[in-house]
Each structure stands twice: as structure tokens, then as C-alpha cells.
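Asker: Dropping the structure in here first, questions after.
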Amino acid sequence: MGSIKRVERMLARGQVRGLCGALGDRNVLVRRRAAQALGELGQSEGVPCLSQALSRDNDQYVVRWAVKSLGAIGGTEAIQALALGMFSTRQQTVRQAGQVLAEMDDPLAQAAITLRDILTQNDWTALQEQSGHEVRRMLSVILRSEQYRAWPSAKRKQVLNFAVGMGETPPDTTRHDLAQMGLFVSGVHTVGDLVRSLGQRSPEVRIAAAEKLATSAQHWVVSPLYRRFRREARPGGEQQVAVAYARALDQLGDSRAVEFYKSQLYQGGGPRATESARRLAEMGTPAAIRALFWFVAQPPPPPAYRNVTVVLSALESTGPAAAAALGPLTEHDSVSVRRLLVDVIERSGSSEAIPTLAALCLDGDSDVQRSALDAMAGLDSAEAAAQLMALANQVPRMWVVRSLATMTHPEAVGSLRALAPEATTLRGVLLEDNRQPLPRALVQLVEERYFGDESGWGWQAISARAKTDAEGTFALTVIGGDDLAQAHLKVTTLPHQAGVDSETFLAELPLAKGRFHYVEARIDRFFGRLVAQVEQVDG
């Protein structure tokens, strides 16, 4: 009993360290009273030793008092210790810790209870809906828990994947699971782990390891990467893995993989050249894109010349990356190179190409200049319209007007009226029979013309063709035109599901030349017609 009295004296003096020491006493009664006393003191310094007692002590009453004391102390560390107990493998501790946490009015404690319920039911959909700082903190506890280590591999990986997605750095004990999933986390994995993972059975893991190595800045990894690349690039190898290895090599400053694919383009036609062009495009690095570009710009003699078409197609598939990789070529001496550059960037359809196209719009060659203006208009965006307006005082005005007239973005139509008041413009909305907006329909202005005795009368477009947006709105422009009183609005609905045909409707739409109009068009399906109302708007 002397030991119990000593515990009471330490309690009276507020000696947390002494009470923590008493938790290791051989006498179970001393340990029980020490666990209880730490809760009575309520000092946060007692949390670590109480947490240790929770996981190590085999006496049920020591555990019970440790749980109650942690609940009495409260705070982030105490709640995390209780959560660790709730995710232990001892059912009594799990139950008692869960009860205390459920009674605590703290967001962190409630996050622990929520995650426990979700993980008990293996409800992965509900898990993906969780967010917030408290959830992230609880995930770090769960990943260190006894239950986590005892779960099946599939369950561990679900939780681990979610935790990494939340930005949590997992403990080192999860290294193996992470590597099997293709998740490589700084501070958990070493470069050596990444190199070893290049030999993993799963292609996804090998690709993930290569992507991480590409950012490692460790040039000694080039040799194992290149060896693996040659193995994967052979017939029968995993070609997507080979592309990932090639991309990593290029990013680390080793051009051998790019040169390997490039050499295939010069060895005649056939599937190998087509495949190599596709692989370079999939790499998407500046060096790979330039290899494709220069093959088209300076094609080899036959028989490799026949590969120009497939290489150009691969080059165009690189999308926005092409503008970034080829941008410096706006200053190239060759007109044909600059003209090809316009074509490639235009077909990429990327708004990121605007600065490159803007430079080409000021090119010294008029053909390059006009092509670049048309390519800018082809982007049909507010940014492209603004850039064209900015160029109006640097290139022939009518070239800019002509380019803006091919655009259907509302900002472009508004810009055109400011630049060319003589233009005929309209904005409108297309409605379904129930007066709901009709998106993704094609809208165009046409007029009936006589095409000679052999062809007779027919419809001819007098504006660009616009596509209605989610609200059913559209904008169109007509430059020139002697008599727009006979204009018609042509609407073509696009199939919204398989087996449904497109429909075409026409309606008279008399326009006043040089004026701005507002149009409301509605499809009347009962009579199979288009009803259009037009109103002239001042300005």
C-alpha cells in the first residue's frame, strides 16, 4: 500500500512525470491508480504515457482508466491516442475508446467516429466524400493502427490511396503497399525503391516509378532506365511502359530513347514507323515533338517520305504541348517552316497557342500572317477575339475583320461591331418545343441562290456555323451582302443518343444590313417547323 500512498503524494504535488513512471509499476493497483490520477490532473503531458498504457498494459482496469483519463484531458493528442485505441485489435479497448470519443463534442473526435463507421462497412463511396483537416489527421492515426496492419491487402490499399489523395504522408510501414499500388511518396520511398520498382510485374507500377524518377534529378538512374526501355521497346514488350521510360530519360537529359523512335521513321514505311510516330507523340516532351515536326518540315527521300502523313497526324495529336515546344520557331528563317508551324498549332485547337499565333500574325510573310489570323479565329474564344482586336492596328484592318467574321463566340461578334459597324450581327437563343434551351445544335444563316440551269436553285451559307451553348444561345455575323431581307436561319439538331437522326429546320429571318439583331427561335415539332422572331437592336 505504500506505493499507493506515493501515487497520492505525486497527485497532490502535480507530478505528471512521477505518475507516468508509476504506470510501469509491477503492482497492478499502483498502475490503476496512476492512470486514474493522470486524468484527475488533466495535464496534456500525461497523454503519451497514457497512450502507451492503452496499447501495452494487459489489465482491463488500467486500460479503462487510461481511456477515461484521456477523455478527461481532451485536446488533439488525447483524441488521436483514443482513436488509436479505437482502431486497436483488442475489442475491449476498441469499445471503450469508441464510447468516450462518441461523447466528446470535438470535430476531430467526430471525424474518428465517422471514419470508423465507414471503414467497418467498407463503404468506399462514403469514404471518397470525406474531406477536411480533421479527416486527414484521423487518417494518419488509422495508418499507424493495429487494425490497419491486420486488414486484407485490398482494404489497406483503399484507405492508403484515399489518404495519399488527401495529401497525407503515410508512415514508412506502408512502403510496400504504396509500391504495389504505383504510389511513390517523397519521404517514404528512396530513389533505390523507385529503381527496383522498374522491375515490378504490374505495368502501372513500372510507369509510376518511371514518372517519379523523371523528377528525381538523379542522373545515375539513366542507365537502369535505358536498359529497361530497350527491353520494353522490343516487339512483345509493354509499349506504354516503354513510352514512360522514354519520357523519363528525355526529362533527365538522355536523348537515346527519342533517337531510337526517330530512327524508325527513316527506315521506310509500315507499321513500325506508324508505331514510332505514335510513341513520340505519346511522350509529349519538347524533344519528341520537335523530332516529329522536323520530319515533316524536312522530309527524307522515298521510301521514308511516305511516312510524312502518319507523322503529321501524330504531331497534331500532341495538342497544347505543340505550341509550347515549337513556339521558338516563330523566328525561324524559313517561310515554309513558319507556315507549317501555323498549321500544326491551328490543329491543336489549344487556347495556350494564342501567344505563339499572335507572333505569327505579325510575320513578315503575308501568307503566314493571314494563315495565323485565320488560325487565331479558329480558336473561337473570348481570348482569341481580344487578341485579334489588339492586332487591328498592326495588320491590315480588313484581314482582322474577315477573321473575326468567321468566329461565333459572342465576344467576337461584339468586337466585330466595334471594328466594323457595317457588319450585320445577331445574337439569339434556340428553344425546344417546351421552350427549354436546346444545346449543341448547329445554327447558320443561309440564303437561296440560283446556281445556273444545271444546278438550279439551292441554299448557300452566308455566315459561319455556330453551335449553341448549354443555355441554347448563339451569335452570328454577316460581312457584306446586298439584300439580307431574304436570309433564313438554318438549324440542325445533333443526335443526343444512338439511333436518333439529326433534324434540319429552316425559317425566314429578314435582317437589316449593318444592324444588330436579337433572335428567338423555337422548334415547333407538332408542325415540324422552326418559328423565329427577330428584333433589331440599336447600336
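The values are calculated or read from the model by the stated rules, or taken from the named source; none is laboratory data. Keep in mind that this is a model prediction, so the values were computed, not measured. Neighbour counts run over all protein chains shown; Cβ positions are idealised from the backbone, glycine included.
Asker: Within the set of pairs 6 or more residues apart or between chains, which connect a residue that is under 16 Å from residue 376 (Cα atoms) inside segment 317-331 to a residue that is of a type in the set (Phe, Trp, Tyr) and assigned to a helix (DSSP H, G or I) with Cβ atoms less than 9 Å apart?
Answerer: Partner pairs satisfying both residue conditions: 322/293.
Asker: Can you tell me which of (1) crowded, with 21+ Cβ neighbours inside 10 Å; (2) of a type outside the set (Ser, Thr, Tyr); (3) more than 30 Å from residue 495 (Cα to Cα) is the one residue 480 doesn't meet?
Answerer: Unmet for residue 480, out of (1) crowded, with 21+ Cβ neighbours inside 10 Å; (2) of a type outside the set (Ser, Thr, Tyr); (3) more than 30 Å from residue 495 (Cα to Cα): (1).
Asker: Filter segment 300-321 down to the residues that are in contact with a Gly (Cβ under 9 Å, 6 or more places away or on another chain) and small (Gly, Ala, Ser), then identify the one that is nearest to residue 263 (Cα to Cα).
Answerer: Restricting to residues being in contact with a Gly (Cβ under 9 Å, 6 or more places away or on another chain) and small (Gly, Ala, Ser), the top hit is 304.
Asker: Here is a further query. Taking residue 277, is it under 17 Å from residue 197 (Cβ atoms) and out of contact with any His (no Cβ under 7 Å at 6 or more places or on another chain)?
Answerer: Taking the combined requirement at face value, the residue does not satisfy it.
Asker: If I filter segment 332-357 down to residues being over 24 Å from residue 382 (Cα atoms) and either in contact with a Leu (Cβ under 7 Å, 6 or more places away or on another chain) or not assigned by TED's automatic domain parsing to the domain that holds residue 377 (or both), which single residue comes out as surrounded by the fewest Cβ atoms within 10 Å (Cβ to Cβ)?
Answerer: By that ranking, first place goes to 337.
Asker: Follow-up. Within 29 Å of residue 469 (Cβ to Cβ), within 26 Å of the chain's Cα centre (by Cα) and surrounded by fewer than 20 Cβ atoms within 10 Å (Cβ to Cβ): does that describe residue 286?
Answerer: no
Asker: Scan (1) surrounded by fewer than 18 Cβ atoms within 10 Å (Cβ to Cβ); (2) part of a loop (DSSP other than H, G, I, E, B); (3) among the hydrophobic types (A, V, I, L, M, F, W, C) for the single condition residue 184 breaks and write down its number.
Answerer: Result: residue 184 fails condition (1) only.
Asker: Counting just the residues of segment 190-215 that are touching a residue at least 24 places away in the same chain (Cβ under 8 Å) and surrounded by fewer than 18 Cβ atoms within 10 Å (Cβ to Cβ), which one comes out nearest to residue 174 (Cα to Cα)?
Answerer: Restricting to residues being touching a residue at least 24 places away in the same chain (Cβ under 8 Å) and surrounded by fewer than 18 Cβ atoms within 10 Å (Cβ to Cβ), the top hit is 191.
Asker: Given 89, 125, 76, which one is of a type in the set (Val, Ile, Thr) and closer than 19 Å to residue 165 by Cα?
Answerer: 125
Asker: Looking at segment 133-179, what helices (runs of 4 or more DSSP H) fall wholly within it and have at least 3 residues that are among the small types (Gly, Ala, Ser)?
Answerer: So the answer is 153-165.
Asker: May I pose another question? Kindly state which helices (runs of 4 or more DSSP H) lie completely within segment 361-421 and contain at least 2 residues that are farther than 15 Å from residue 477 by Cβ and hydrophobic (A, V, I, L, M, F, W, C).
Answerer: 366-378, 382-390
Asker: A further question on this structure: Restricting the search to segment 413-431, which residues are under 36 Å from the mean Cα position of the chain (by Cα) and loosely packed, with under 15 Cβ neighbours inside 10 Å?
Answerer: Hits for segment 413-431: nothing passes.
Asker: Now, a different point. I'd like the full set of residues that are more than 33 Å from the chain's Cα centre (by Cα), part of a strand (DSSP E or B) and farther than 15 Å from residue 410 by Cα, limited to segment 432-447.
Answerer: 445, 446, 447
Asker: Which one of 249, 280, 225 is closer than 23 Å to residue 345 by Cα and either assigned by TED's automatic domain parsing to the domain that holds residue 329 or in contact with a Phe, Trp or Tyr (Cβ under 7 Å, 6 or more places away or on another chain) (or both)?
Answerer: Sole residue among the options that is closer than 23 Å to residue 345 by Cα and either assigned by TED's automatic domain parsing to the domain that holds residue 329 or in contact with a Phe, Trp or Tyr (Cβ under 7 Å, 6 or more places away or on another chain) (or both): 280.
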